[in-house]
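Read through the structure below, which is laid out as structure tokens, and then see the notes.
Here, each number is a calculation from the coordinates, and none is a lab measurement. Every value quoted in this text rests on a predicted model; they were computed, and no experiment measured them. Using ideal geometry, Cβ is built from the backbone for each residue, glycine included, and neighbour counts are taken over all protein chains shown.
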Amino acid sequence: MNTHSHADHIGGNRVVMERTGATFYSSILERPLIELPLVEVVYLYGAYPPELLRTHLVEAEGVPVDDISELVREYPLLRVVELPGHSVGMVGLGIGRVLLSADAFFPEEVLAKYVIPYHLNVQEALGTLRRLSNEVLKNYDVVVPSHGRVLSRAEAQRLVELNANTILKVREYVLRNASGSLPLVELLKLILRDLNLVPQTVINHLLTTSALKSYIAWLANEGLVELLVSGGELYARGPGRALESLFSGYHQL
């Protein structure tokens, strides 16, 4: 079962299939990306990617994938938990009182290292964290994240809250820097400067800026940032600093 399509989760699929003939399962939204991982590199780069990005760190080898609902019908003890945000259709898996939580949240050391945790849709990712906190975690005693150690429910709850607060903190940085009107490239530079982030590799730069663009999309969805073209450049125009106080309510899960 693949929780989602990122290369660090599906990179072993081809070897496993060749050695065992195993059948692979995922959500229907993740299936196309697992079968053709090139799509992920295309949306990360924004066009057909150069060869330097087509490495196993970003692009795995595709395998045929079946709908995870078929697996659940065969093994009713399994429960699929929808966890969208980090990727378009990520799912976790519940077995008894144990939850495999995929990449819905990250350990403290990962948050400290990368500052901006990667989410394809950060607005949905925050919604997933809120749902985990308010209802899902109550059904489980043990939580197994894809990154980090096995957790008790209380430990998982603490990390969920930390991840949610990290997202909200980054959102504030984005909103503060988007208070005027700037070319999108310049806005991204300002946010990275404020967060004291200096991406060192092409892949790290693409992942970081892609994550930040998700925040800008979130603000655009709420009418707080407008995307427009001026002088041949894509601009992000914000509401002005006076509106920052409107977001104090986001600090509660």
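For Leu78, neighbours were defined as the other residues whose beta-carbon sits under 15 Å from its Cβ, and their charges (Lys and Arg +1, Asp and Glu -1) total -2.
For a straight C-alpha distance cut-off of 18 angstrom, the aspartates and glutamates reachable from Lys169 (same-chain residues fewer than eight places away being disregarded) are Glu108, Glu109, Glu124, Glu161, Asp194, Glu222, Glu244. Other residues within the sphere of radius under 12 Å centred on the Cβ of His9, judged by their own Cβ, net out at -4 (K and R +1, D and E -1). Binning the alpha carbon pair distances of segment 80-217 at 10 angstrom intervals from zero yields the distribution 12, 42, 30, 13, 3, 0, expressed in whole percent. For the chain, the C-alpha radius of gyration divided by 2.2 N^0.38 Å, with N the number of residues, is 1.06.
Taking other C-beta atoms within 10 Å as the exposure proxy, Lys213, Lys189 rank Lys189, Lys213 from fewest upward. Computed over the chain with a Gaussian network model linking Cα atoms closer than 10 Å, the most mobile of Leu207, Leu234, Leu190 is Leu234. Debye-formula intensities of segment 1-67, expressed as log10 I(q)/I(0) at q = 0.15, 0.18, 0.26, 0.28 Å⁻¹, are -0.43, -0.60, -1.10, -1.22 (one equal scatterer per alpha-carbon, no solvent). Cα centroid separation, segment 41-112 to segment 168-210: 25 Å.
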